[in-house]
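Notes for the one structure printed next.
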Amino acid sequence: MGELMIFPMMEILGIDKRGDERNADRTWAGVKGFFDSKLVDLNELMVERKEHPRSGKDRLEGAVIEEVIDAVKNQLSKTDYFTRSEGETSGEMKYAPLTNLGCESEFSKLDHQIKASGGSTSIQTHSRKNILVSAGLLVDSDFESKSLEDRNASWKWARCSDEVKKVQKLEADFLATVRSAKKLALRKKEDLKKKRASKTLAVLEKCKTHGGPMTPNNLEALSELNENQLLAEISYLRLTIAPDIRQMRRVKADGKFKMEKFSMDELRASIRNALRPEDNVSTDIDTLLMNAL
C-alpha cells in the first residue's frame, strides 16, 4: 500500500521533505501556486486511473486520489487567501510569515529541555525552569554581584514571597479546575455507558416483537422481516457484536456527497454476513476492487 499510493502521494505533495524542494517558493504566493499546480496533476492522474483502469488497484488509486483532492480543496477553502484569483492576491501577504515562529521557538525550547532531562521531568518543573531562564534571576549581573547572604534572601523571596504565593494559588486553582473537569468527564463516561445499556435493552425488546434478535440458526426468518424490523436488527447488532455493520453508503452526486440507504436485500446481506459470513468469498484483491469501485 505504501509503495502503491502513500509514497507516490508524498512525492507529489512534498510531504516529509519528499520531492524536489531546492527551488521551493516559501511564500504565501508560492504555496498557492504549489497547490494550484498539484491539484491539476492529481486531477489528471485521478481521471486516468478511474476512466482507464488496468486493474482493481488502478480504481483504488483513483478513489484515493479523489478523496485527497476533496480534502485539500476543503482545507484551502477555509483560508480566504486561497479562494481569491491571482489578480486579487498579487502583492498581498508578500512578507507575511508562513509559520508561527514564536510558538515554534517555545516548542523548540521544551523539546530541548525534555531531551536534556531524559524525558522524566514533569511539565510543571519545565515551566518553572523556563520562568527562571526567561527572568534571568540566577545569571543577572545584579544578582551575581550581591553577597551570599543577599543572594540567599533574593532566592528565598523568589520561592516564598507573597507574590509567589499568589501565583501558586492561581496555579492550584487551575489544577483544581482540571481535576474537576476530569471527574466530570469520568462521570459523563459512566452516564454514556448506562445510556448505551438502556438503549440496547430497548432495541432488544423491539426485536423480540418480530421474533428476534436474529442468530446464526434462524437466518431464514430474515426474508419475512420488513425494512423497520431489519433496521432494528442492525441497530441491535451494532450495539452488541458488530459495531461496524452498515445500513447506508456515501455516494457522490453533483459534486457533493450524500448518504444513500441500502436496499432491503443489502440490509439482509449485512445482517447475514455479521452473524454467519459466507465461506465462498473471493480473495483476489483485483476482483474485489473492480466490483467495489
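The values are calculated or read from the model by the stated rules, or taken from the named source; none is laboratory data. As the structure is a prediction and not an experimental result, all values here were calculated from the model. Virtual Cβ from ideal backbone geometry, glycine too; neighbours counted across all protein chains shown. Heavy atoms of the whole protein, side chains included, go into the accessibility calculation; ligands, DNA and RNA do not. Shrake-Rupley method; radii C 1.70, N 1.55, O 1.52, S 1.80 Å.
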Conditions (1) part of a strand (DSSP E or B); (2) open to solvent by 50 Å² or more (accessible area, probe 1.4 Å); (3) over 18 Å from ASN273 (Cα atoms); number of the one not met by ASN228: (1)
For TYR81, all conditions in the list (1) surrounded by 12 or more Cβ atoms within 10 Å (Cβ to Cβ); (2) modelled with pLDDT of 85 or more hold save one; what is the number of the exception? (2)
Answer yes or no as to whether ASN217 is open to solvent by 70 Å² or more (accessible area, probe 1.4 Å), within 28 Å of GLU266 (Cα to Cα) and modelled with pLDDT of 90 or more. no
Looking only at segment 25-60, count how many residues are more than 15 Å from ILE12 (Cβ to Cβ), free of Cβ contacts under 8 Å to residues at least 40 places away in the same chain and of a type in the set (Lys, Arg). 2
Pairs under 9 Å by beta carbon, first residue within 28 Å of THR240 (Cα to Cα) in segment 178-193, partner open to solvent by less than 90 Å² (accessible area, probe 1.4 Å), six or more apart or different chains? none
Quick check: anything in segment 89-99 free of Cβ contacts under 8 Å to residues at least 40 places away in the same chain, surrounded by 11 or more Cβ atoms within 10 Å (Cβ to Cβ) and not hydroxyl-bearing (Ser, Thr, Tyr)? yes
Only one residue in ALA116, ALA71 is open to solvent by less than 90 Å² (accessible area, probe 1.4 Å), of a type in the set (Gly, Ala, Ser), modelled with pLDDT of 80 or more and under 31 Å from the mean Cα position of the chain (by Cα), so which one is that? ALA71
Does LYS94 fit the bill of being modelled with pLDDT of 75 or more and on the phi < 0 side of the Ramachandran plot? no
I'm trying to understand the selection: among the residues of segment 134-172, which are among the aliphatic types (A, V, I, L, M) and in contact (Cβ under 8 Å) with a residue 12 or more places away in the chain? LEU137, ALA158
So how many residues does segment 137-151 have that are part of a helix (DSSP H, G or I) and either open to solvent by 90 Å² or more (accessible area, probe 1.4 Å) or not polar (S, T, N, Q) (or both)? 7
